[in-house]
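*Asks:* Got a structure for you, questions after.
The values are calculated or read from the model by the stated rules, or taken from the named source; none is laboratory data. Being a predicted model, the structure only gives us computed values, none of them experimental. Using ideal geometry, Cβ is built from the backbone for each residue, glycine included, and neighbour counts are taken over all protein chains shown. Remember, those area values only see protein heavy atoms, side chains included, never the ligands or the DNA or RNA. Shrake-Rupley method; radii C 1.70, N 1.55, O 1.52, S 1.80 Å.
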Amino acid sequence: MLLHKTFGVDLGTSTIKIYAQDKDTIITEKNMIAIRNQNQILAVGNEAYKIFEKNPSNVSVISPMAYGKIADINHTEMVLQALLEKINAGGLFNNNLYLAVPSDLSEIEQRAYYTIGNSNRKSKIYMINKTIADAVALGIPINHTKGSMIVNIGAQSTEISVIERGKIVLSKIVAMGGTQLNEAIVNEVRKNYNLHIGNRTARRLKFSLAYLKEDIKEARKIVGVDSLSGLPREGIIPSDMIYETILGPVRSICQEIRSFLERTPPQIYQNILEEGIFLAGGTTRIPDIDWFLSQETGQKVRLSGYYEHCTVCGLKEIIGNRTLHKWVQ
C-alpha cells in the first residue's frame, strides 16, 4: 500500500521551510548543499551550513537559490529530496507537494519549480503564489480586501505585492535583503578595523546591534582574521557603526516601497493608507525595522510575528482548508 503524504514547501534563499501535514510540524533548514570535487554530495541543509566558511578548497558550500528564485535546478532538487526524505523517515511515495512560488517570475522560472518538485515522477505538484500564502498567514481577507500591500524582506530579495479581491494587482522582486546587509557589515568591519569576518558573524551583529529607532550605545566582541597578519584577532564592534552601515540599504527598500505606492491605483492606495503595509520575512527581525519603514514611507506598518515562517504558515492554512484551494494551481 502506497503512503500518501502532503508537504508545503517554501524555498527561501537562505532557509527552506517544509510543513509536513501528517506530523503537523514545520522544519526549517539552511538551503545549502556541500559538494566535494564538483560531484560528491557531503551534506545538505543545516549540516552543510556547519561546513560553510570552514570548508577546504576542494569543497564548495552553496545555496542553489539566488534573489528569491531558483538558480540551480539540480542542486535545488537535491536539497529538497534529501530534506523530504529526512522528514519522511523512509522514502518518498506519491507525495503532494505545495510549492510557494514568487509572483514576479517568467514562464521558464515557473517551470523550474515544477521540475524540481516532480523529479521522482511520483509526486503531484501544486503551486501557490507566495503573496497569497503570506496574505493567508497575515489574516488578510483575500476575497474581500479592497487593496492590501505585503512586503516580504528575505535573505537576498524583497518581494513587494499588492492584492485586491483575490488577485495580485502589482508585484515586484527587488534584489535587496539580509545577505546584502551582511556583506555591507563585512566590508565596513574590514575597512575600519582591518579585520575579516564571515557572513555568519555579520548576521549576528545585524540582529543584535542594528537599532533603527533608539540610539542605544552597545558593542559586541567578535573574533576575525587580521587583514595584515592573517592571524585570528578580537575586535569590538559598536552599534552605531552597524546602524550607519545598514541605513543606506534599508532606505533603498523604503524607496522601492514608496515608488510602488506611487504606481498603485488611487482606490487601492486609499485602502492601503487605512489598513497599513503588512511586513514579513526573516530580515524583519532587525530591531524596530517596522518603525523605521513607517517613518520613511509615511504609512502604518504591521509586522508579522511569523517573520521568515510567514509563507509556510500560509501554506499550512491553505493545505488544511479546502475553501482556500481555489488559489492552488
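*Asks:* Is it possible to state the helix-based mean residue ellipticity at 222 nm for the chain, with each DSSP H run of 4+ residues giving -39500 (n - 2.57), the sum divided by total residues, to the nearest 500 deg cm²/dmol? What is it?
*Replies:* Estimated from H runs of four or more residues: -11500 deg cm²/dmol.
*Asks:* Please list Met32, Met149 in order of solvent-accessible area, largest first, computed with a 1.4 Å probe with all protein chains present.
*Replies:* Met32, Met149
*Asks:* Taking amide H positions as placed 1.01 Å from N in the peptide plane, with prolines and chain starts having none, which residues 5 or more places from Arg220, or on another chain, fall under 5 Å of its amide H?
*Replies:* Ile237
*Asks:* Enumerate the calculated ³J(HN,Hα) couplings along the stretch 218-234 in order (Karplus 6.51 cos²θ - 1.76 cosθ + 1.60, θ = phi - 60°), each rounded to whole Hz, writing x wherever the residue is Gly or Pro.
*Replies:* 9, 8, 10, 8, 10, 10, x, 10, 4, 5, 8, 8, x, 9, x, 8, 8
*Asks:* If I compute mean projected area of the Cα convex hull in nm² from the structure I just sent, which labelled value in (i) 23.1; (ii) 28.3; (iii) 17.8 lines up?
*Replies:* Derived directly from the coordinates: (iii).
*Asks:* Counting pairs on different chains as well as pairs 8 or more places apart, how many Lys pairs in the stretch 1-70 have Cα atoms under 20 Å apart?
*Replies:* Close lysine pairs found across the stretch 1-70: 8.
*Asks:* What ranking of Thr283, Thr323 comes out by heavy-atom accessible area, probe 1.4 Å, highest first?
*Replies:* Final ranking, largest accessible area leading: Thr323, Thr283.
*Asks:* Ignoring ligands, DNA and RNA, what percent of the 1.4 Å accessible area of the chain is carbon and sulfur?
*Replies:* 48 percent
*Asks:* What does the accessible area per residue of the chain come to in Å², with a 1.4 Å probe and no ligands, DNA or RNA counted?
*Replies:* Roughly 47 Å² per residue, with all protein chains present.
*Asks:* With every protein chain present, what accessible area does Lys191 have (1.4 Å probe, heavy atoms only), rounded to the nearest 10 Å²?
*Replies:* Rounded to the nearest 10, that gives 150 Å².
*Asks:* Residue by residue, what Karplus-based ³J(HN,Hα) values in Hz, rounded to whole numbers, does the stretch 153-159 have, using 6.51, -1.76 and 1.60 with θ = phi - 60° and x for Gly and Pro?
*Replies:* Coupling constants for the stretch 153-159: 9, x, 6, 10, 8, 10, 9 Hz.
*Asks:* Taking 2.2 N^0.38 Å as the expected size of a compact globular protein, what ratio does the Cα radius of gyration of the stretch 239-329 give against it, to two decimals?
*Replies:* 1.30
*Asks:* In whole Hz, with x marking every Gly and Pro, tabulate ³J(HN,Hα) for the stretch 285-291 from phi via Karplus 6.51 cos²θ - 1.76 cosθ + 1.60, θ = phi - 60°.
*Replies:* 3J(HN,Hα) across the stretch 285-291, in whole Hz: 6, 4, x, 6, 5, 5, 4.
*Asks:* I've got another one for you. For the stretch 196-251 and the stretch 154-187, what is the separation of their Cα centres, given in Å?
*Replies:* 23 Å
*Asks:* Would you rank Met78, Met65, Met127 by solvent-accessible area, highest first, keeping every protein chain in place and using a 1.4 Å probe?
*Replies:* So, going from the largest accessible area down, we get Met78, Met127, Met65.
*Asks:* Now for a separate question. Among the trypsin sites (Lys or Arg not before Pro) in the stretch 194-303, which ones are in a DSSP loop with at most 16 other Cβ atoms within 10 Å of the Cβ? Mind listing them?
*Replies:* When the trypsin sites (Lys or Arg not before Pro) of the stretch 194-303 are filtered for loop state and at most 16 Cβ neighbours within 10 Å, Lys213, Lys217, Lys300 remain.
*Asks:* Below 11 angstrom from the Cβ of Asn152, what's the summed charge of the other residues (Lys, Arg +1; Asp, Glu -1)?
*Replies:* -3
*Asks:* Normalised by the residues of the stretch 131-288, what does the relative contact order come to in percent, with Cα pairs under 8 Å and at least six apart?
*Replies:* It comes to 28 percent, rounded to a whole number.
*Asks:* Turning to a different aspect of this structure: Could you work out how much longer the chain between Leu42 and Gln255 gets when fully extended? Use 0.36 nm per residue separation minus the Cα distance between them, nm to one decimal.
*Replies:* Length gained, Leu42 through Gln255: 72.5 nm.
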